[in-house]
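The values are calculated or read from the model by the stated rules, or taken from the named source; none is laboratory data. Because the structure is predicted, anything quoted here is derived from the model rather than measured. Backbone-built Cβ (ideal geometry, glycine too); neighbour counts: all protein chains shown. With ligands, DNA and RNA removed, areas are computed over all heavy atoms of the protein, side chains included. Shrake-Rupley method; radii C 1.70, N 1.55, O 1.52, S 1.80 Å.
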Amino acid sequence: MAKAALHSILSLSVCALFVSSALAQSKPAADLIISNAKVWTVDKSLPTAQAVAVLGDRLVAVGSNADVDAWHGDHTRVIDAGGKLLLPGFNDAHVHFVSGGMQLTNVQLKDATSAQEFARLIGERAKVTPKGEWILGGNWDETKWNPPNMPTKALIDALTPDTPVFVSRYDGHMGLANSVALRLAGITAKTPDPPGGTVVRDARGNPTGALKDAETDYIDKVIPRLSHDQRLRVVKRALAYAASVGVTSVQHMSASYQDVAVYSELLQRGELTTRIYAAPSIVHVDDQAKLGIGRAFGGPYLRVGALKAFADGSLGSGTAYFYEPFVNQGNNRGLLSDEMHPISLMRERYLKADAAGLQLCTHAIGDEGISTILDLYADVIKAGGEKDRRLRIEHAQHMAAKDFGRFAQLHVIASVQPYHAIDDGRFAEAHIGHDRASRTYAFRTFLDHGVRLAFGTDWEVAPLDPMLTVYAAVTRATLDGKNPNGWFPEQKLSVAETIEAYTMGSAYAEFQENEKGSITPGKLADMVLVSDDIFSIAPEKIRDVHILKTFVGGKLVFDASAVHP
Ligand SMILES: [Zn+2]
């Protein structure tokens, strides 16, 4: 036995010697060369370059045009970048990919400027909606109409005789159902208002179709869940959209098993064009622990092994969990999520997950919510001993001053979404006051404390387009235009810091920093060619920048010139 093993080791090394000398004589040619680019590598050993060469799905050379030209062969495809910026592909560390895809698929009513246009858009959608499928989505805003009256089902009933419709107001707190949907939900004049909700009624007591905060009680129950085929179509749409905005990897928080099944099927069909790390709910910790596969298990296109947990709610809804009450909300200081009742239940799940080698990603927004999770993470480290866990807090929005140091000490990753800063920045001070707002989306303070950042968007809650997130992190200019020089400007980041958090930072957060996150020989060839040099244009212009080409594993998955020749 020992002899046979020795023999095979010997023949292997002879074989390896032969291969390497053959390589030295005739280097294999690259499949793809991108030359004349302004390459920003996010690799400190060679921060900028002119050209890259790709062989198979990996980068083989990064350097000057001349360096890379050595890889040119008869069948090499050469793309002249014309001096444009080439960046590593964006890795969105926090998305809800299927909800995002549904948002793309749903009817869009946000830009309707009259009740007639609102009705017309729904009528057009009804004509192309397969029988029995619902029309959902919407985001209508009646304040843009003249007169700004709340819509009623009478506007759309005649246009949608067989199609159930439930379209939401942009704030998510009201929706309009047509008569078909009301019938399916069993809502009549006799239906009482649900707790915390209202069925809006006309003078005679009949429902108008408008429902305030009542959909979870009445409508959600009758909207059929996506079938496998529908989900597959939704994901394909999301993949195409991600490619078009330069997102080459996503980390899907709270992925369902049905979502994972669709990803797995698309993987087998060779149709995944965005790399996915799926994190199902921690409520299912036993399933994944039983399987015996640890964090980041899988291949370059699909990985599992992270779990998503919830500590608390959100700022806007007054449910983020704080030490002190919200401003002007009486004693309300938010709520711990039901997963935290009791806290020992969460600790038990964490310990079980950690023992199984699974990664923890916990949504925590209020200062006490974050602090409580840091306590639990400290318990996990104490119980399991020091190891490379990459514990994450998702959002990490409102920090207690005492916790920045703890974050660093426990090596917790801050998985944050800069776009929320310019959105919530419009109202955050009114909700929590100036002092707490000064430690809100405190990206600079995190970096100063040596905390690793991973950037993402929370799509569908915020837009997936990375340029909007880069713009947000660099300018902190709130969406209402009231802080052109930045809301808490001392927390602004440079473009370079932002790109690093959005590429290497996110790759580190999914244990993939040796595979992707920078333009480095040996890594996966995930790259984006950008319309403008975001390092030199005025920061406020960054939001208008777009993606020219997206490469995933060296494959061109989006080409703007093919879309708009
Ligand atoms: Zn989220």
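Only one of (1) away from the ligand (no atom under 16 Å from the Cβ); (2) within 20 Å of the chain's Cα centre (by Cα); (3) open to solvent by 10 Å² or more (accessible area, probe 1.4 Å); (4) not basic (Lys, Arg) is not met by residue 458, so which one is it?
It fails just one condition, (1).
In this structure, is residue 431 open to solvent by 10 Å² or more (accessible area, probe 1.4 Å) and within 16 Å of the ligand (Cβ to nearest atom)?
Numbers: open to solvent by 10 Å² or more (accessible area, probe 1.4 Å): yes; within 16 Å of the ligand (Cβ to nearest atom): no.
No, not satisfied.
In this structure, does residue 214 turn out to be without any contact (Cβ under 8 Å) to a residue 24 or more places away in the chain and open to solvent by less than 50 Å² (accessible area, probe 1.4 Å)?
It is true that residue 214 is without any contact (Cβ under 8 Å) to a residue 24 or more places away in the chain and open to solvent by less than 50 Å² (accessible area, probe 1.4 Å).
Among the candidates 176, 155, single out the residue that is under 35 Å from the mean Cα position of the chain (by Cα) and surrounded by 14 or more Cβ atoms within 10 Å (Cβ to Cβ).
176
Which numbered condition trips up residue 237, out of (1) open to solvent by 40 Å² or more (accessible area, probe 1.4 Å); (2) within 16 Å of the ligand (Cβ to nearest atom); (3) in contact with a helix residue (DSSP H, G or I) (Cβ under 6 Å, 6 or more places away or on another chain); (4) of a type outside the set (Gly, Ala, Ser)?
Going through the list (1) open to solvent by 40 Å² or more (accessible area, probe 1.4 Å); (2) within 16 Å of the ligand (Cβ to nearest atom); (3) in contact with a helix residue (DSSP H, G or I) (Cβ under 6 Å, 6 or more places away or on another chain); (4) of a type outside the set (Gly, Ala, Ser), residue 237 breaks only (2).
Going through the range 79-112 one residue at a time, which ones are buried (at least 22 other Cβ atoms within 10 Å of the Cβ), over 30 Å from residue 535 (Cα atoms), within 16 Å of the ligand (Cβ to nearest atom) and not polar (S, T, N, Q)?
98, 101, listed by residue number.
From the list 90, 118, which residue is among the aromatic types (Phe, Trp, Tyr), touching a helix residue (DSSP H, G or I) at 6+ places or on another chain (Cβ under 6 Å) and either at pLDDT 95 or above or more than 30 Å from residue 499 (Cα to Cα) (or both)?
90
Which pairs turn up if I take residues in the range 82-105 that are without any contact (Cβ under 8 Å) to a residue 60 or more places away in the chain and look for partners that are more than 16 Å from the ligand (Cβ to nearest atom) and among the aliphatic types (A, V, I, L, M) with beta carbon separation below 8 Å, at least 6 apart in sequence or on another chain?
As it stands, the answer is 83/37, since those pairs meet every condition given.
List every residue pair whose Cβ atoms sit under 6 Å apart, with the two residues 6 or more apart in sequence or on different chains, where the first one lies in the range 433-460 and is modelled with pLDDT under 95 and assigned to a loop (DSSP other than H, G, I, E, B) and the second, anywhere, is more than 16 Å from the ligand (Cβ to nearest atom) and not small (Gly, Ala, Ser).
Taking only residues 6 or more apart or on different chains, not a single pair turns up.
In this structure, does residue 283 turn out to be surrounded by fewer than 20 Cβ atoms within 10 Å (Cβ to Cβ), hydrophobic (A, V, I, L, M, F, W, C) and more than 16 Å from the ligand (Cβ to nearest atom)?
The answer is no for residue 283.
What is the residue count in the range 334-365 for residues that are away from the ligand (no atom under 16 Å from the Cβ) and not in a strand (DSSP E or B)?
Total satisfying the criteria: 22.
Among the residues of the range 494-511, what is the count of those that are in a loop (DSSP other than H, G, I, E, B) and touching a residue at least 60 places away in the same chain (Cβ under 8 Å)?
Going through the range 494-511 one residue at a time, the tally reaches 2.
What do you reckon, is residue 464 more than 16 Å from the ligand (Cβ to nearest atom), in a loop (DSSP other than H, G, I, E, B), under 24 Å from residue 392 (Cβ atoms) and not small (Gly, Ala, Ser)?
It is false that residue 464 is more than 16 Å from the ligand (Cβ to nearest atom), in a loop (DSSP other than H, G, I, E, B), under 24 Å from residue 392 (Cβ atoms) and not small (Gly, Ala, Ser).
Quick check on my filter: what residues within the range 79-119 are closer than 24 Å to residue 230 by Cα and either of a type in the set (Ser, Thr, Tyr) or assigned to a helix (DSSP H, G or I) (or both)?
Of everything in the range 79-119, those that are closer than 24 Å to residue 230 by Cα and either of a type in the set (Ser, Thr, Tyr) or assigned to a helix (DSSP H, G or I) (or both) turn out to be 97, 98, 99, 100, 101, 102, 103, 104, 105.
Return yes or no: is residue 377 under 23 Å from residue 251 (Cα atoms) and open to solvent by 20 Å² or more (accessible area, probe 1.4 Å)?
It is false that residue 377 is under 23 Å from residue 251 (Cα atoms) and open to solvent by 20 Å² or more (accessible area, probe 1.4 Å).
Among (1) within 21 Å of residue 388 (Cα to Cα); (2) in contact with a Lys or Arg (Cβ under 9 Å, 6 or more places away or on another chain), which single condition is residue 288 missing?
In the conditions (1) within 21 Å of residue 388 (Cα to Cα); (2) in contact with a Lys or Arg (Cβ under 9 Å, 6 or more places away or on another chain), residue 288 misses (2) alone.
So which residues in the range 252-280 are among the aliphatic types (A, V, I, L, M) and either open to solvent by 30 Å² or more (accessible area, probe 1.4 Å) or away from the ligand (no atom under 16 Å from the Cβ) (or both), if there are any at all? Walk me through it before giving the result.
Going through the range 252-280, the residues among the aliphatic types (A, V, I, L, M) turn out to be 253, 255, 260-262, 266-267, 272, 276, 278-279.
Listed by number, the residues that qualify are 260, 261, 262, 266, 267, 272.
Looking at (1) open to solvent by less than 20 Å² (accessible area, probe 1.4 Å); (2) not in a helix (DSSP H, G or I), find the lone condition where residue 472 falls short.
(2)
Looking at (1) outside any loop (DSSP other than H, G, I, E, B); (2) touching a residue at least 60 places away in the same chain (Cβ under 8 Å); (3) surrounded by 17 or more Cβ atoms within 10 Å (Cβ to Cβ), which is the one condition that is false for residue 540?
Unmet for residue 540, out of (1) outside any loop (DSSP other than H, G, I, E, B); (2) touching a residue at least 60 places away in the same chain (Cβ under 8 Å); (3) surrounded by 17 or more Cβ atoms within 10 Å (Cβ to Cβ): (3).
Assuming residue 122 fulfils every condition listed in (1) open to solvent by less than 10 Å² (accessible area, probe 1.4 Å); (2) more than 16 Å from the ligand (Cβ to nearest atom); (3) outside any helix (DSSP H, G or I) apart from one, which condition is it?
Exception for residue 122: condition (3).
Determine which member of the set 549, 516, 523, 555 is surrounded by fewer than 17 Cβ atoms within 10 Å (Cβ to Cβ), within 22 Å of residue 270 (Cα to Cα) and modelled with pLDDT of 95 or more. Lay out the reasoning, then the answer.
Details: 549 fails: surrounded by fewer than 17 Cβ atoms within 10 Å (Cβ to Cβ); 516 fails: surrounded by fewer than 17 Cβ atoms within 10 Å (Cβ to Cβ); 523 fails: surrounded by fewer than 17 Cβ atoms within 10 Å (Cβ to Cβ).
Testing whether each residue is surrounded by fewer than 17 Cβ atoms within 10 Å (Cβ to Cβ), within 22 Å of residue 270 (Cα to Cα) and modelled with pLDDT of 95 or more leaves just 555.
Consider residue 46 carefully, then state whether it is open to solvent by less than 20 Å² (accessible area, probe 1.4 Å), in contact with a Gly (Cβ under 8 Å, 6 or more places away or on another chain) and of a type outside the set (Ser, Thr, Tyr).
no
Would you be able to tell me the number of residues in the range 397-431 that are aliphatic (A, V, I, L, M), touching a residue at least 40 places away in the same chain (Cβ under 8 Å) and either in contact with a Pro (Cβ under 6 Å, 6 or more places away or on another chain) or assigned to a loop (DSSP other than H, G, I, E, B) (or both)?
Matching residues across the range 397-431 total 2.
Looking only at residues in the range 55-78 that are open to solvent by 30 Å² or more (accessible area, probe 1.4 Å) and part of a loop (DSSP other than H, G, I, E, B), which one is nearest to the ligand (Cβ to nearest atom)?
It comes out as 57.
Given the conditions (1) part of a loop (DSSP other than H, G, I, E, B); (2) touching a residue at least 12 places away in the same chain (Cβ under 8 Å), report the number of the one that residue 514 does not fulfil.
Just one mismatch for residue 514, condition (2).
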